[in-house]
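Comments concern the structure below.
Please treat every number below as a calculation from the coordinates, not as lab data. The structure displayed is predicted, hence computed values, not measured ones. Cβ: placed from backbone, ideal geometry, glycine included. Neighbour counts: every protein chain shown.
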Amino acid sequence: MLKIQGLECGYGRMKVLEGINFEVGAESVGLFGPNGAGKTTLISAVMGMIKPWKGSIELEGVRIGGAETFTIARMGVALVPQERELFPGMSVEDNLMLGAAYIPHAKDDIPNQLEKVFELFPILKERRTQYAGTMSGGQQRMLAIGRALMSKPRLLILDEPSLGLQPSIVAEVFEVLKSLKSSISILVTEQNVRESLKAIDRGYVLENGRIVLEDSAEGLKTNPHVVKSYLGL
Ligand SMILES: Nc1ncnc2c1ncn2[C@@H]1O[C@H](COP(=O)(O)OP(=O)(O)OP(=O)(O)O)[C@@H](O)[C@H]1O
Ligand SMILES: [Mg+2]
């Protein structure tokens, strides 16, 4: 699905990522690391929001490094950004429909997709006519995920989906990710490593712009560095 080799990139003259080798197949992959490690930067490079300095980014064998964001979205990659990007003055349903509006293969299938998203998040169906901005933080996060799913992605990328949510909602979000992983590829960055490990197959640890560890969820769970730095024992 996604294959990154030797990626180097940054902002201005500041190099953030170096020597990144990273892959997501038909699976759910976690990307962990502390604040400022470069997780969002890596995602921005995949989405075409910043240009790679070196190395390659391929989506199903097609090089996308340097492509425009809308081209990458049309190729089947959807992002749930770290900062919510909903339209607060529009209804829940209109926000969802916008997720499909500019994606040709999704536009023709809106009613179907809408039903699927409502099945995953029944609260969105209940609140379909409500302004997005009047929903709770947890509901808005669900809406952001629902909107990304409306584009019928092959690869869903979520940047710290649990950030700022109360534990019960965090658990619900990861349950949904778990239920999705048999049908689409998922890449999720998180600081909540403990919860994410329940929902992913494999993960990478990124520190100071470099991948320092790569293992199965099981392997990460018992890795001394992960236990000490991320599972807070
Ligand atoms: N738009 C930008 N312009 C300049 N520097 C940036 C920009 N965005 C991020 N950085 C810097 O790049 C580095 C990596 O940031 P990044 O946001 O990728 O980290 P992160 O792992 O996503 O952290 P967090 O967990 O806080 O979201 C940091 O030093 C940050 O200050
Ligand atoms: Mg980030």
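Need the list of lysines near Lys54 for cross-linking: C-alpha distance under 28 angstrom, and skip anything on the same chain fewer than eight residues off.
Straight-line reach from Lys54, under 28 Å: Lys3, Lys15, Lys39.
Taking segment 139-220, how much of its Cα-Cα pair set, in percent, is spaced more than 16 angstrom apart?
52
Using the 10 angstrom Cβ neighbour count as an exposure proxy, how do Tyr11, Tyr230, Tyr131 rank, fewest first?
Tyr11, Tyr131, Tyr230
Could you size up the charge dipole of segment 1-86 around its Cα centre, putting +1 on the beta carbon of Lys and Arg and -1 on that of Asp and Glu, and report it in debye to the nearest 20? Don't skip to the answer; put the middle values down first.
On the way: 9 positive and 9 negative charges, 53 e Å.
With only Lys, Arg, Asp and Glu charged at Cβ, the dipole is about 260 debye.
Nearest 10 degrees is fine. How inclined is helix 137-149 to the longest principal axis of the chain, computing both from alpha carbons?
Tilt of helix 137-149: around 90 degrees.
Just to be sure I understand: of the beta bridges DSSP finds with both ends in the chain, what percent are antiparallel, rounded to 5?
Expressed as a percentage, antiparallel bridges in the chain total about 55.
Note down the nm distance, to one decimal, between modelled labels 7 Å out along Cα→Cβ at Asp108 and at Gln5.
Each label point is offset 7 Å from its Cα along the Cβ direction, giving 3.5 nm.
Between segment 193-233 and segment 1-70, what is the C-alpha centre distance in whole Å?
With segment 193-233 and segment 1-70 each reduced to a Cα centre, they are spaced 19 Å.
Put +1 on the Cβ of each Lys and Arg and -1 on the Cβ of each Asp and Glu in segment 83-153; which of Asn112, Asn95, Met142 then has its Cα farthest toward the positive end of the dipole?
The residue sitting most towards the positive pole is Met142.
Do the sum for the chain: with -39,500 (n - 2.57) for every DSSP H run of n ≥ 4, divided by all residues, what is the mean residue ellipticity at 222 nm, to the nearest 500 deg cm²/dmol?
-10000 deg cm²/dmol
Using a Debye calculation, one point per C-alpha and no hydration shell, please list log10 I(q)/I(0) for segment 83-153 at q = 0.22 Å⁻¹ in order.
Result of the Debye calculation: -0.85.
Which lysines does Lys221 reach when only Cα atoms under 19 Å apart count, and residues fewer than 8 places away in its own chain are ignored?
Within the straight-line limit of under 19 Å, Lys221 reaches these lysines: Lys178, Lys198.
Return, ordered by residue number, the residues of segment 147-167 whose backbone nitrogen is under 19 Å from a label point located 7 Å along Cα→Cβ of Phe87.
Once the point is set 7 Å along Cα→Cβ of Phe87, 147-152 turn out to lie under 19 Å by backbone N, inside segment 147-167.
Over segment 111-233, what is the percentage of antiparallel beta bridges among all DSSP beta bridges, to the nearest 5?
On the way: 6 of 11 bridges.
In segment 111-233, approximately 55 percent of DSSP beta bridges are antiparallel ones.
Could you tell me the ratio Rg/Rh of segment 4-154? Both radii from Cα atoms, Rh via Kirkwood.
1.01
Dipole magnitude of the chain about its Cα centre, charges +1 at Lys/Arg Cβ and -1 at Asp/Glu Cβ only, in debye to the nearest 20?
280
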